Every structure is written in C-alpha cells, then in structure tokens.
Amino acid sequence: MEFPLAGRHARLPLRIEPIAGFAPTIGRLVCILTHSRRALTAAVDGLSGDQLDHLHDAASNSIGALLAHAAAVEWWHQVLTFGAHVPSASEEAPWLAALDLGAAARAQIRGRDTESYLEALDRAREATLSALRQMDDDWLERPLVAMPERNAHWAWFHVAEDEISHAGQIRWLRARLPR
C-alpha cells in the first residue's frame, strides 16, 4: 500500500516503514510525522470558530492557539534544521504568540475557522516534506549547527511528540467545551 502524505482523510497504513521518495529512515520519520498530524487534525474535526477560541479557564490556551502553535513549532524546526540556525527575533516575530502560547496567544490568536488553521499546518508540512526529500539518512544523525547537542532526528521527533501531546490536550479541552 502506498503511504498517503496528502489528504486529511486518506486511510493510513498502521505501519512505520520507508516511503518512496525519501531516504529509508527519513521515510519512517515521515510516517510518524504523518500519524501525529492525523491525530492532531482529527481532534478538531467539526469544531466551530467559537469552539476554537474558547478558553477553559483564565490560564488555558484555546484549541485554535494550540493548532497555531503546532504550525509555528514546525516552522521553527524547519529554520533550525534546514536553515541551520536558530530563528532570529525578526524571523520569530510573526510566530511568537503561537510559539510561546500563554497571554499573548489568548489575546492574539482568535477569530479563525478550522480550515485556516489546517491550511497553515498543511503549508508547513508541505515545506517540511519538500526539504526532507532532499536529505539523506546521514543528515538525520549529524549535530545541528545551531544546537550541536541535538541532531535533526531528535528535532523532528520532537515535532511529532509535540503534536501528539497537543492532540491529547485538544481532546481534553474539546470534551469540556460548553454545550
């Protein structure tokens, strides 16, 4: 079975294996990234704009902010791993509320529909996949130029880990939305 990288509702094989067009280990990583993204997007299926903006309490992040955060984290790791530097303050500025979450996100990340968040996530993922197609498996293991204590494999594992964590958080918040 061909592993579907596009299409939010395509059936995913329940396997982690190489994918054509990617180096073998990178292909396995892409499987993991695809499954983690599916968990995240499934958690918001059918939510309204008001539900995306809802704050469970004064310290919570909205579901919309968590979606924006996932796109921002992916962008940040693209710069770190493909751009070989930590994003500068000016590069981070448009993403800062989503990266940091908290009060800034509660104030700034509002009024969007589900599709706008999903499109931002899709754009980020398309850029990631395009860059990963150019890399070999040795690239995964090399220390990152900007953070030599980490390698690209860990960085992209962290993107998947973060999405899975926030998918669980979103499911928790969704179960507590006002009826």
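Computed from the coordinates by the stated procedures, all read-outs in this text should not be read as laboratory data. Fair warning: this is a prediction, and the values are worked out from it, not measured in the lab. With ideal geometry, Cβ positions are generated from the backbone for all residues, glycine too; neighbour counts draw on all protein chains shown.
As a check on your grasp of the helix formula, calculate [θ] at 222 nm for the chain: sum -39500 (n - 2.57) over DSSP H runs of n ≥ 4, divide by the residue count, round to the nearest 500. The partial results should precede the final answer.
Working: 9 runs with 108 residues, N = 179.
Result for the chain: -18500 deg cm²/dmol, rounded to the nearest 500.
With +1 on each Lys and Arg Cβ and -1 on each Asp and Glu Cβ, how big is the dipole of the chain about its Cα centre, in debye rounded to the nearest 20?
Taking the Cα centre of the chain as origin, the dipole is about 540 debye.
Which residue, Ile109, Trp139, Ala175, has the largest displacement toward the positive end of the dipole of the range 28-175 when charges sit on each Cβ (Lys, Arg +1; Asp, Glu -1)?
Ala175
Please find, in a Gaussian network model of the chain (springs between Cα atoms separated by less than 10 Å), the residue of Leu99, Leu132, Leu55 whose mean-square fluctuation is greatest.
Of Leu99, Leu132, Leu55, the most mobile in the Gaussian network model is Leu55.
Please report the net charge: other residues with Cβ closer than 12 Å to the Cβ of Ala152, K and R +1, D and E -1.
-2
Go through the range 111-118 residue by residue and turn each phi into a ³J(HN,Hα) via Karplus (6.51, -1.76, 1.60, θ = phi - 60°); whole Hz please, and just put x for glycine and proline.
Result, ordered by residue: x, 10, 9, 4, 4, 5, 5, 5 Hz.
Tell me, how many Å apart are the Cα centres for the range 65-85 and for the range 88-134?
7 Å
Could you work out how much longer the chain between Ala107 and Ala20 gets when fully extended? Use 0.36 nm per residue separation minus the Cα distance between them, nm to one decimal.
This chain segment gains 27.0 nm when fully extended.
Going highest first, how would you order 45-52, 29-36, 57-64 by mean Cβ packing within 10 Å?
Averaged packing, sorted descending, gives the order 29-36, 57-64, 45-52.
State the volume of the convex hull built on the alpha-carbon positions of the range 28-175, expressed per residue in Å³ and rounded to an integer.
105 Å³
Just want the answer: with Cβ charges of +1 for Lys and Arg and -1 for Asp and Glu, which residue in Ala93, Thr41, Ala72 is farthest toward the dipole's positive end in the chain?
Result: Thr41.
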